[in-house]
Every structure is written in structure tokens, then in C-alpha cells.
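A.B. asks: Mind having a look at this structure? Questions to follow.
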Amino acid sequence: SLKSSYDNIIVSEPSPGVALLTLNRPKALNALCDALLDDLIHAANHFDKSKECGAIVITGSDKAFAAGADIKEMSSRKFDEVFMKNMFKQWGDVAAIETPTIAAVNGFALGGGCELAMMCDIMIAGDKAKFGQPEINLGVIPGCGGTQRLIRAVGKSKAMEMCLTGNMIGAEQAERDGLVCRVVPAESLVDEAVKMGSKIASKSQVAAKMAKETVNAAYELNLAEGLRFERRMFHALFATEDQKEGMAAFIEKRDANFVHR
Ligand code: CAA
């Protein structure tokens with residue numbers, strides 16, 4: 001269950017069905033230390049299991065969504081240590097959240113910050129957002145999906161430029177490149193993300209989770225297998241009350257009243 005408070009994040013429920021997790025280590029520009037990641041995963045798992053929650057929004061501050069993994073925390077670690085504890089493996093828990101997730105990015109999303117945003121299903125950027133994979137400047141490479149998710153989002157040449165030069169891109173370019181779905185004025189970013197979350201939360205939650213799982217399957221499967229998986233998931237939805245209700249509501253020209261479990 002949710003803790004009454006967390007040291008490194010702020011948890012709120014700004015709208016029915018929407019959880020807002022705000023990264024809150026302002027002095028370190030939300031650098032993603034182990035303790036912050038523990039807090040984030042703990043709270044996200046709580047909402048992932050909650051019947052009421054239909055969307056999770058993750059955001060940071062105006063200055064930084066997150067400036068990456070915590071360089072001070074990891075700088076003196078030795079190979080044996082990072083290998084044996086499989087550093088960053090736990091980040092997979094964020095990508096494994098089944099509830100739709102939205103990253104609302106203002107300011108810097110660098111290194112692990114950009115990777116965290118890419119683990120979310122949808123990214124909305126404030127107009128001053130900056131994205132980058134600057135690990136190359138530290139003598140390392142991205143370790144939480146930057147080389148893998150970026151290439152799928154923006155293609156090889158742009159992903160290579162970011163990973164090899166460490167250059168940042170701004171919000172407008174991130175939208176052109178397909179990394180973010182939409183750019184909004186920085187001051188309305190969180191409202192817009194919550195509004196989108198609330199729209200998603202109003203749908204059939206079974207259908208929303210299946211849509212997420214099926215879109216994500218496209219990362220892993222070839223086209224024939226992906227299409228087969230999609231079609232079988234589509235068939236499965238005919239076992240739900242929500243499909244009957246959604247289609248009846250259309251025919252009766254009224255709003256659907258989906259079951260909330
Ligand atoms: N880790 C630890 N501390 C960090 C940090 C990070 N990733 N990013 C910023 N901070 C700290 C700074 O050390 C500074 O702390 P002090 O006040 O104690 O000195 C504080 O946050 C404010 O930062 P700056 O003074 O640097 O702020 P700025 O406005 O001058 O610069 C910035 C902002 C360009 C984002 C700059 O902070 C920066 O380059 N940060 C590092 C970005 C980076 O390299 N990220 C990749 C990390 S590695 C990684 O993420 C691996 C992976 O794949 C998971």
C-alpha cells in the first residue's frame with residue numbers, strides 16, 4: 001500500500017482515476033538515485049494494482065524532469081559490484097507497469113531521465129524541455145534503454161547522433177523526431193498530461209491495458225506475429241462486458257458506462 005509520504009517523490013491524485021508522481025529531488029535536478037527509484041516503483045506498483053487508477057502521470061520540475069542516473073552515487077562503483085547487483089535491472093519494473101503511463105517532461109530529460117520518459121507509453125513535453133543521452137561525456141553509454149528505445153523512436157541516424165555526441169535536442173525537434181506526441185506551453189504541461197490521463201482512465205480499463213500490451217508487442221514481434229497477437233486480443237475483448245456496453249452505447253447514441261474494477 002501507498003506510504004503516507006516518500007522522501008524523493010510527491011504523490012497525488014489530481015483527478016479521478018489519475019495518479020500523479022512528481023520526482024522531487026530538486027537540489028540534484030531529480031537525479032535518479034536508488035532511493036528515488038525505490039520510491040517511484042513502490043508508488044507506481046500501488047497504483048498499477050489499484051482498481052480506481054486508470055493512468056499514471058510521471059513528471060519532474062520546471063527545470064528538470066530528471067538529469068539522469070545519480071553520477072555521485074555511482075561514480076566510485078567497481079565492475080564486480082555493478083555487475084553482481086545488475087545495476088539498473090530494477091528499472092525494468094517501471095517499463096513493466098501495466099496501467100497506461102504518461103511522462104510529462106519540462107526541463108532536462110537527460111540520460112536515465114530521457115530513458116525513464118521513454119519507458120512511459122506517451123511523452124508530452126513542455127516547450128522548454130531538453131532531451132539527451134550525455135553518458136558518452138562521462139565515458140559510459142546509456143544503461144536503461146537509451147540505445148534501444150531511442151532508435152525505435154527516432155531512427156538510427158538521430159539516435160546515433162544523440163548517443164555519440166551527447167547533443168541535446170529541444171522539445172520542437174523531439175516532436176518532429178517522434179520522441180514526444182505533443183509540445184505544450186511549460187506552465188500547462190502537467191494539466192494537459194492529467195487531462196490526457198483522465199481521458200484514458202475513462203475508457204474500458206481492460207481495453208486500455210490490452211491496447212498498451214498490444215502496441216508494446218510491436219517492439220518484440222515481427223509483423224505477422226504482431227498482427228496475429230492483435231487479432232487474438234481483439235477477439236478476447238468480446239468476452240468482456242465493456243465490449244457489449246461500448247458497442248450498445250454507440251448504437252443507442254449515449255455515453256458508454258464502462259465497468260471499473
Ligand atoms: N547526478 C548527480 N547529481 C546531479 C546530476 C546527476 N545526473 N545532474 C545534476 N546534478 C547535481 C549537480 O551536481 C549539482 O549539484 P551541486 O549543487 O551539489 O553541485 C546540482 O544537481 C545542480 O546541477 P548543475 O549545477 O550542474 O546545474 P546546471 O543548470 O549548471 O546544469 C545540467 C544542468 C546540464 C543538467 C547538468 O547538471 C548536467 O549535465 N547533469 C548531468 C547530466 C548527465 O550526464 N546525465 C547522465 C547521467 S548517467 C546515466 O543516466 C546513465 C544511465 O543510462 C541511466
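The values are calculated or read from the model by the stated rules, or taken from the named source; none is laboratory data. Everything numeric here is computed off the predicted structure, so don't read it as measured data. Please note: Cβ atoms are built from the backbone with ideal geometry, for glycine as well, and neighbour counts cover all protein chains shown. Accessible surface areas use protein heavy atoms only, side chains included; no ligands, DNA or RNA. Shrake-Rupley method; radii C 1.70, N 1.55, O 1.52, S 1.80 Å.
A.B. asks: If I go through segment 1-31 residue by residue, how many of them are in a helix (DSSP H, G or I) and open to solvent by 80 Å² or more (accessible area, probe 1.4 Å)?
C.D. replies: Taking segment 1-31 first, the residues in a helix (DSSP H, G or I) are 26-28.
Next cut, open to solvent by 80 Å² or more (accessible area, probe 1.4 Å) only: 26-27.
Selection size over segment 1-31: 2.
A.B. asks: While we're on this one: Return the residues of segment 42-64 that are part of a loop (DSSP other than H, G, I, E, B) and of a type in the set (Lys, Arg); say none if nothing qualifies. Even if it seems obvious, please write down each step before you answer.
C.D. replies: Just the residues of segment 42-64 that are part of a loop (DSSP other than H, G, I, E, B), to begin with: 50-54, 60-63.
Once the filter is applied, which keeps residues that are part of a loop (DSSP other than H, G, I, E, B) and of a type in the set (Lys, Arg), segment 42-64 yields Lys51, Lys63.
A.B. asks: Only residues that are open to solvent by 10 Å² or more (accessible area, probe 1.4 Å) and over 27 Å from Val140 (Cβ atoms): list them for segment 54-85, please. Give the derivation first.
C.D. replies: Here is the first cut: in segment 54-85, the ones open to solvent by 10 Å² or more (accessible area, probe 1.4 Å) are 60-63, 67, 69-85.
Asp62 - this is the single residue of segment 54-85 that is open to solvent by 10 Å² or more (accessible area, probe 1.4 Å) and over 27 Å from Val140 (Cβ atoms).
A.B. asks: Among the residues of segment 197-215, are any among the polar types (S, T, N, Q), more than 30 Å from Met247 (Cα to Cα) and open to solvent by 20 Å² or more (accessible area, probe 1.4 Å)? Steps first, answer last, please.
C.D. replies: Of all residues in segment 197-215, those among the polar types (S, T, N, Q) come to 198, 202, 204-205, 214.
Of the ones still in play, those that are also more than 30 Å from Met247 (Cα to Cα) are none.
No, every residue in segment 197-215 fails to be among the polar types (S, T, N, Q), more than 30 Å from Met247 (Cα to Cα) and open to solvent by 20 Å² or more (accessible area, probe 1.4 Å).
A.B. asks: While we're looking at this one, here's another question. For Phe47, are the conditions met, namely being touching a residue at least 12 places away in the same chain (Cβ under 8 Å), touching a Cys at 6+ places or on another chain (Cβ under 6 Å), away from the ligand (no atom under 16 Å from the Cβ) and of a type in the set (Phe, Trp, Tyr)? Let's see the steps before the verdict.
C.D. replies: Numbers: touching a residue at least 12 places away in the same chain (Cβ under 8 Å): yes; touching a Cys at 6+ places or on another chain (Cβ under 6 Å): yes; away from the ligand (no atom under 16 Å from the Cβ): yes; of a type in the set (Phe, Trp, Tyr): yes.
Answer is yes for this residue.
Every residue, every condition in (1) modelled with pLDDT under 95; (2) part of a loop (DSSP other than H, G, I, E, B); (3) within 9 Å of the ligand (Cβ to nearest atom), yes or no:
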site: Lys72; (1), (2), (3): no, no, yes
site: Arg77; (1), (2), (3): no, yes, no
site: Phe83; (1), (2), (3): no, no, no
site: Glu98; (1), (2), (3): no, yes, no
site: Ala109; (1), (2), (3): no, no, no
site: Glu115; (1), (2), (3): no, no, yes
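A.B. asks: Right, here's the next one. Can you work out which of the residues in segment 157-176 that are open to solvent by less than 20 Å² (accessible area, probe 1.4 Å) and not β-branched (Val, Ile, Thr) is farthest from Ile136 (Cα to Cα)? Don't jump to the end; show me each part of the working.
C.D. replies: Within segment 157-176, the first condition is being open to solvent by less than 20 Å² (accessible area, probe 1.4 Å), and the residues that meet it are 159, 162, 166, 169, 171, 174.
Filter again for not β-branched (Val, Ile, Thr), leaving 159, 162, 166, 171, 174.
Values: Ala159: 13, Met162: 9, Gly166: 6, Ala171: 21, Ala174: 20 Å.
This residue is Ala171.
A.B. asks: Further question on the same structure: Under 9 Å between Cβ atoms, at least 6 apart or on separate chains: pull out the pairs that start in segment 71-89 with a residue that is basic (Lys, Arg) and end on any residue that is within 15 Å of the ligand (Cβ to nearest atom) and in a helix (DSSP H, G or I).
C.D. replies: Lys72/Ala28
A.B. asks: Oh, and also: Would you mind stating whether Arg182 is in contact with a helix residue (DSSP H, G or I) (Cβ under 8 Å, 6 or more places away or on another chain), within 16 Å of the ligand (Cβ to nearest atom), open to solvent by 30 Å² or more (accessible area, probe 1.4 Å) and of a type outside the set (Phe, Trp, Tyr)? Step through it out loud before you land on a result.
C.D. replies: On the way: in contact with a helix residue (DSSP H, G or I) (Cβ under 8 Å, 6 or more places away or on another chain): yes; within 16 Å of the ligand (Cβ to nearest atom): no; open to solvent by 30 Å² or more (accessible area, probe 1.4 Å): yes; of a type outside the set (Phe, Trp, Tyr): yes.
The answer is no for Arg182.
A.B. asks: Pull up segment 124-142, narrow it to residues that are within 8 Å of the ligand (Cβ to nearest atom), touching a residue at least 12 places away in the same chain (Cβ under 8 Å) and of a type in the set (A, V, I, L, M), then point me to the one that is surrounded by the fewest Cβ atoms within 10 Å (Cβ to Cβ).
C.D. replies: So the residue we want is Ile141.
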